[in-house]
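The values are calculated or read from the model by the stated rules, or taken from the named source; none is laboratory data. If you're wondering where the values come from, they're calculated on a predicted model, not measured in any experiment. No Cβ is skipped: glycine too gets one built from the backbone with ideal geometry, and neighbour counts run over all protein chains shown. These accessible areas exclude ligands, DNA and RNA; they are computed on the full protein's heavy atoms, side chains included. Shrake-Rupley method; radii C 1.70, N 1.55, O 1.52, S 1.80 Å.
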Amino acid sequence: MTITINHFLILSFLLFAIGFFGVLVRRNFLTVLMSIELMLNAVNINFIAFSRRLSDLTGQVFSVFVITIAAGEAAIGLALTISLFRQRKTLNVEEANTMKG
Amino acid sequence: MGAAEAAGSALLTGVAGWLFVGFALLILGTAIAVVWSKNPVHSALFLLASFLLVACVFILEEAEFVGAVQILVYAGGIMVLFLFVIMLVHQRTAAGTPAFQHQWDIALLLLPVFLIPFLYILGTEKFTDIARNPDAFRAVAGRVIGNTEAVSWLMFRDYLLPFEVASVFLLVAMIGAVVLGKRSFEKVD
Amino acid sequence: MNTLQQLPILSIIAYIPLAGALIIMFLIPKEKTGAIKAFATAVAALDLAVSLPLWFSFDRAKAGYQFVERIPWIPSLGVDYHFGIDGITLLLILLTTFIGVIAIYSSFSAIAERQKEYYILLLLLQTFMIGTFCCLDFFLFYVFWEIMLVPMYFLIGVWGGQRRLYAAIKFFLYTLAGSVLMLLGIIALYFYNTTGFLGYKGLGHAATFSVPKLTAVAAAMPPELQVWLFFAFFFGFAIKVPMFPFHTWLPDAHTEAPTAGSVILAAVLLKMGTYGFVRFSLPMFPEAVKTPWVIGTMVFLAIVGIVYGAMVTLVQKDMKKLIAYSSVSHLGFVMLGIFALNMAGVQGGVLQMINHGISTGALFLLVGVVYERRHTRMIAEYGGLARQMPIYATYFLIMALSSMGLPLLNGFIGEFSILQGAFAKNFWWALFACTGIVLGAAYLLWLYQRVFFGELSNPANAKLPDLSFREQLTLAPLVVLALWIGLYPKPFFDVLRVPSENIVRSVGGATMTPPAYAGAPGTGIPAAGDLAPAAPVPAVR
Amino acid sequence: MKDLLWLVPLFPLAGFLVNGVLYLISHRTRGEAADAHGSQGAPALAAAPAPSVHGENPAHTHAGSSAHDPAGHSPIPLKTAHTVVGTVSVGLSCVFAFLAILDVGIGRLSEGAAHVVTLYRWLPLGVNQAVGQVHGPAGEWFVDAAFRLDSLSALMIAFVTFVGFLIHVYSVGYMGHEEGYGRYFAYLNLFMFSMLLLVLGANFLLLFVGWEGVGLCSYLLIGYFYDRDAAADAGKKAFVVNRIGDFGFILGIFGIFSLFGSLDFGKVFPAAAAHPSAYAPYLTLVCLCLFVGACGKSAQFPLYVWLPDAMAGPTPVSALIHAATMVTAGVYMVARCNVLFRLSPDALLVVAVVGGFTALFAATIGVAQNDIKKVLAYSTVSQLGYMFLACGVGAFVAGMFHVMTHAFFKACLFLGSGSVIHALGGEQDIRKMGGLASKIPVTYRTFLVATLAIAGVPLLAGFFSKDAILAAAFEAHFASAPWLGRVLWAAALFTAGLTAFYMLRLVSLTFWGKFRGGTEQEAQIHESPRSMTVPLIVLAFLSVVGGYVGIPMVRGGDRIGEFLHPILLPLAGAGAHTAAHEAAASTEALLMAASVAAAAIGLALAYVWYAKGEGAVPARIAARFPGVYRAVSNKYYVDEAYDSVFVQGLAKGGGRFLWDFDATVVDGAVNGTRHVTVGLSWLSSFFDQYVVDGLVNGVANTLQAGFRGFRRAQTGRVQNYALVMGGGLFCLVAVYLLFR
């Protein structure tokens, strides 16, 4: 079995799609955050794959930064979760609709 | 395979290839489970599995450092955070409430729609599958040492400023998280 | 060289209210309303005191701008921080600082909630208004011009009447829409000066937003481009004035705004539009202004505004709305004077801006007095007040007479000068505009009769207290000014003379032209038996 | 002394200021006292208006006002202060006026000397170009605040200050019990100031200032009893109708300014006289505009309608403003501009025709009026018509002469009527009077003298001036209509007869026969106090002797003609209208006989029908021609027509239409965008509701689902937005891929 770049792309596409789908449809705020992490992972896979094929370490450095951002994002997101929960007694994203027009 | 591939080393062939397929399928499976399971604790555990599997793919791709970071930060840091929060809010899923939004159908529709440009790119673009310099991941100034050292050289020399910015970013995120968490206490009372 | 010329006096005048606003914002707690009021009044009074020396040290004989301050601000775009005044802006700045004190002082009992924010906004508004009048850089001008809307928007929207949100949003969007077109005009001008735009070859000069420089550049543009840019600026200014078809935001804004807001709106903000015409449109686009159909349109709109505004005023049932519509009529006079393009017209137009600020501002204050007591502006609710409030009735009568242009009061001086200018240009303009004088008397006297005469039949009015000392203190200076301008307007004309001459000369007006009485187009009097406007006039000798 | 000319108008101004401030201060303290007493304020207010049916009611309000005078304040010293300030200021003004005239010298004035006192530069209008040649091609336009004393203004200030002073004295008695006594004197003083400004102004603009000022005072004084709607309406009507006149006047001023580049009498008239052919083409329009102004101020057809209504003001006001002084301002102005009018025969023709028509028209209305003041008001309109007729036929001297004599006898008549009204406690209807001759003898005698004067009985003042006008009309020659002079003369003659008729009718109904009012009322009839009768006697005396300054046919008898000669007689070669009344002596004698005959017939008819026949014949005539009678007694329905056409129709109807137009079309266009936006928002909010509440459970096929995504766009949910973002991302990528 020879793995080409296409396989990586398909993997990352599907992973990203699953993550995106989760972001779009889950009601639970926590699960939404997790789905975002999935999407970030998908991006990292692409970085790594291309980094190797282009013989350029920059991709790896970038994926490290992405992981950093993911950490920050998770921290803020979870703080928001707590904030939301304390104010609304729920984790349902649908109920956080103050912006409703 | 053509001559160009012969010049460099073909990547992930044989067992490594099958390993990749296996990891990939597992990744997708756990990812689906993350999105699918109703209980956030289950989701978190599947997510942990998914992270570890992605780390494996990284290592397969000879990006050992990133793989390690993935395990340390994700599996070690972020997951713990998640689990803490889950415990903190210890939300019990109401029996009647569906896990999914009303818009799940449209979202599902969006996936094949996204597939179109993706497949179009796959069909029209030709990406190389050979690493011209197989040692690029390990070499610093032509000397082969190791992946971690190579990444470090790059990060602390070429990407020093972004690195510092990232550290500031983390600091800001930390303060923000503290403030958000704290203020919500006040408001409740 | 006096010290005033060395100080950045204009900036000081402009930013004193801003500083005051900041001090109130950060240093005075909102509970201490007394301190806020006192401090705000003190700041406004200080600003007035600082601005008064301008009047004395202003050189009436000197052409061009005085007290100029110029510091490069954004050199890459050619934006300068550039302040300077001439006689026209001198009067407008003094009017602004003067009205500022009165507006703040008159709000003491009218505003009961969110007082801190209110006085902060009033002070901010004053800074922006003075900035707009002072600045000589289009970029800066546009900034001030736009930002001015914000405090006014909040003043109307927060402290206004029942339909305040509607009025505030309408005011904001309407004026904003106009200024966007003006911005386009400014940008076009900017690029015409530098690199060119839309097929017009640029002059290749260094980038600048300087008003004097761009005025010179614009005046030399090809006529058709001038017409286009004239209309781009026109919308911005005409909406602000407001001229006839663009006036509908005014009654709403006036009616809903708090008293001080109405006063400032009438006294200063409306003057921005007419000021724009005088300062920018006329000197910048002389070819466009001289085009017969352009000036015809302008004068037509002005005259329609005069008559139409007055007619609509006649049937109003709401006092504030009545006065607001009368503003449409009065500003029609101003526009007519400006577009008469001669000394009498332009000077009269500018003076009438001041006059309108005084009379209409005072009328809004006066309506505010009874509104504060009775919380209604409906004319039908009143009647017979002359018996109960004789001093109030006296003040109201004086200001109504000033507004309808009775001689020896300020309104007459402006209207006479304007109509004289219009007449010298064209008999018919003056004829139609004069009907506004008749209607002006009709609607104001009718208002006066319905409010003050007749029996005091409404029991709610039976115990209204007459003007308090504080209220008289806000009104008396306006009466004094009205009488001053009415009796001895020469100092004002002296200030306006040089800038008006420059404007009139720039549009080729008849300041220094050779004899033109025989068959010249500058004479408006039709000969006997031939009332056509452009009648050939027989030679005299 | 002549340089102190400015003191003449200044005294009344000072009086106005002092009186006004005193009044406001006193009224303010009263108001606070009432307020402090709380509930006392309201009853006092309720009692205060106390309107009577006809005109003012001194006796009645006397009772009313003393009842609610607050106890804590003594009004007596205040009232004395008002009286002293009001009358003394006018008296001083009168003295100074005569001193100034004497200082310049009557002889010098009649030689054409003019003394100009310039106070300061009032309006500097900058450099503008003029049609004319006063300052050269493009000159400095300016207007000075300056006073001018020449023979015309000397005549005017002399009788204005004198009659004004008399009427102020009269007012002390007449208005003594009215509420707002101080206000009354303040207004009256302001009026004197404005009137003196009008006649003394050295340029058209100052004339206009006074012109507007007297209009304002007229407004204030007519509306003096402002809590009566009729008075307030009349005041407003007077001001607005006057404004229509001013509209013309100011256009005329603009014309003069544009033509001559100056408004100074001393520059305009010589310039016009020097270049008659240059200015003549424009002057018709200018003069007609000026005449429109004169029509408004002097109540000429069609702008006369305000004057009868103005009788709602206090009677001394009617005497001073609406008979003796203000209403003659139009005649003064036309006379002042005689140089311009002479250059425009067409304008003169219009003046003559309007004057003649108004004289006749108003006289016919006067025949059928039953209100004592209304009769006098229409008589005033008619006499003003006479004056304009005189001006129109070029006899400006005769016009000014009539202005002066009319001031004497009409002031006397009005003050007499005021005395009658005062005696009867407010009654103004002559049908309820009668037999007063013996009860108020002084009033009766002075009234009768003035009546005979206005009727044109020989050797009284009115005879001379009226005769001069009739003669001038007879001799007038209009190039465009040669027959017009005779027609005007006939009309004026008939008017003279009518005047005699209705004035004697008035006298007989008021003073002769039996009293027709109630007995209680009869018991209260009393002669007026000294302060009222003395002015009456003085004015009656002047009505007798006032005419002797203009005796025709006697050499040196026409003093007034000589005095006014430098201003009112044509400048050399300036126009076609040479003095009309330099007619042959025989013709003049015949004309005089005709006018005496007309007066005699009028007086005789009135005597026979009303004094002897007790009104039976007129009643029969009225019954025979009911339509005519109704039309005349209803003043030809002119007021109603004006009201429906101009007030209700044009002004209010037009205003209302435009207001609707404004609200719907103009504002509608503005709000159009807003409505569209709001409509769209409403639509989406509707769908929003629909989606949330109903469609969730509804059928969702794939296509609709796509649209539903967009409909949900404003849900406020992050995930909806993310979904749309995804869609947008797809679109971007697709576009990129397709067009890269």
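When you scan the range D:196-245, how many residues do you find that are assigned to a loop (DSSP other than H, G, I, E, B) and in contact with a strand residue (DSSP E or B) (Cβ under 7 Å, 6 or more places away or on another chain)?
Step one: list which residues in the range D:196-245 are assigned to a loop (DSSP other than H, G, I, E, B), which gives D:202, D:223-228.
Cutting the leftovers down to in contact with a strand residue (DSSP E or B) (Cβ under 7 Å, 6 or more places away or on another chain) gives us D:202.
Selection size over the range D:196-245: 1.
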Quick check, is C:Lys321 touching a Pro at 6+ places or on another chain (Cβ under 8 Å) and among the charged types (D, E, K, R)?
yes
Answer with yes or no whether C:Leu203 is open to solvent by 60 Å² or more (accessible area, probe 1.4 Å) and in a helix (DSSP H, G or I).
no
In the range B:109-154, residue farthest from A:Arg53 (Cα to Cα) [restricted to those that are in a loop (DSSP other than H, G, I, E, B) and in contact with a strand residue (DSSP E or B) (Cβ under 6 Å, 6 or more places away or on another chain)]
B:Arg138
Here is a list: D:Glu140, D:Glu111, D:Glu179. Which entry is open to solvent by 30 Å² or more (accessible area, probe 1.4 Å) and without any contact (Cβ under 8 Å) to a residue 24 or more places away in the chain?
D:Glu140
Cβ-Cβ under 7 Å, sequence separation 6+ or interchain: first residue in the range C:55-84 and closer than 15 Å to C:Phe144 by Cβ, partner surrounded by fewer than 12 Cβ atoms within 10 Å (Cβ to Cβ). Which pairs?
C:Asp80/C:Ile71; C:Asp80/C:Pro72; C:Tyr81/C:Ile71
Would you mind telling me which numbered condition in (1) over 28 Å from D:Asp233 (Cβ atoms); (2) open to solvent by 10 Å² or more (accessible area, probe 1.4 Å); (3) polar (S, T, N, Q) C:Asn410 fails?
(2)
Tell me which residues, restricted to the range C:399-429, are within 16 Å of D:Gly213 (Cα to Cα) and assigned to a loop (DSSP other than H, G, I, E, B).
C:Met404, C:Gly405, C:Leu406, C:Pro407, C:Leu408, C:Leu409
Of the numbered conditions (1) more than 14 Å from chain D (Cβ to nearest Cβ); (2) farther than 18 Å from C:Ile437 by Cα, C:Asn342 satisfies every one except a single condition; which is it?
(1)
Condition (residue is modelled with pLDDT under 85, touching a Lys or Arg at 6+ places or on another chain (Cβ under 6 Å) and not hydroxyl-bearing (Ser, Thr, Tyr)) applied to the range D:440-457: is it met by at least one residue?
yes
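Among the residues of the range D:109-145, write down those that are at pLDDT 80 or above and either over 30 Å from C:Gly508 (Cα atoms) or of a type in the set (Phe, Trp, Tyr) (or both).
D:Ala114, D:His115, D:Val116, D:Val117, D:Thr118, D:Leu119, D:Tyr120, D:Trp122, D:Trp141, D:Phe142, D:Ala145
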Does the range C:106-116 include one or more residues that are touching a residue at least 60 places away in the same chain (Cβ under 8 Å), part of a loop (DSSP other than H, G, I, E, B) and of a type in the set (A, V, I, L, M)?
yes
Answer yes if at least one residue in the range B:179-188 is on the phi < 0 side of the Ramachandran plot, in a helix (DSSP H, G or I), at pLDDT 80 or above and of a type in the set (S, T, N, Q), and no otherwise.
no
Across the range C:455-483, what is the total count of residues that are hydrophobic (A, V, I, L, M, F, W, C), touching a residue at least 60 places away in the same chain (Cβ under 8 Å) and assigned to a helix (DSSP H, G or I)?
8
Of everything in the range C:13-71, what is surrounded by 14 or more Cβ atoms within 10 Å (Cβ to Cβ), more than 30 Å from C:Ser109 (Cβ to Cβ) and of a type in the set (Val, Ile, Thr)? Give them in sequence order.
C:Val68
Among the residues of the range D:178-187, is there at least one that is in contact with an Asp or Glu (Cβ under 8 Å, 6 or more places away or on another chain), in a helix (DSSP H, G or I) and under 30 Å from D:Ile256 (Cα atoms)?
no
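Is one or more of the residues making up the range D:328-346 among the polar types (S, T, N, Q) and within 28 Å of D:Gly418 (Cβ to Cβ)? Before you say what the answer is, go through the steps one by one.
We begin by selecting, within the range D:328-346, every residue among the polar types (S, T, N, Q); these are D:328, D:338, D:344.
Filter once more, keeping what is within 28 Å of D:Gly418 (Cβ to Cβ): D:328.
Within the range D:328-346, one or more residues are among the polar types (S, T, N, Q) and within 28 Å of D:Gly418 (Cβ to Cβ).
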Looking at (1) surrounded by fewer than 24 Cβ atoms within 10 Å (Cβ to Cβ); (2) at positive phi, which is the only condition D:Leu349 fails?
(2)
Just one of (1) of a type in the set (Phe, Trp, Tyr); (2) in contact with a Phe, Trp or Tyr (Cβ under 6 Å, 6 or more places away or on another chain); (3) farther than 27 Å from C:Ser500 by Cα trips up C:Tyr81, so point out which.
(3)
Single condition D:Gly261 does not satisfy, out of (1) within 11 Å of another protein chain (Cβ to nearest Cβ); (2) closer than 30 Å to D:Glu640 by Cα; (3) touching a His at 6+ places or on another chain (Cβ under 7 Å):
(2)
Filtered residue count, the range D:214-238, keeping only those that are open to solvent by 10 Å² or more (accessible area, probe 1.4 Å) and facing chain C (nearest Cβ under 7 Å):
5
Got at least one residue in the range B:102-116 being open to solvent by less than 40 Å² (accessible area, probe 1.4 Å), modelled with pLDDT of 80 or more and under 17 Å from A:Ala71 (Cα atoms)?
no
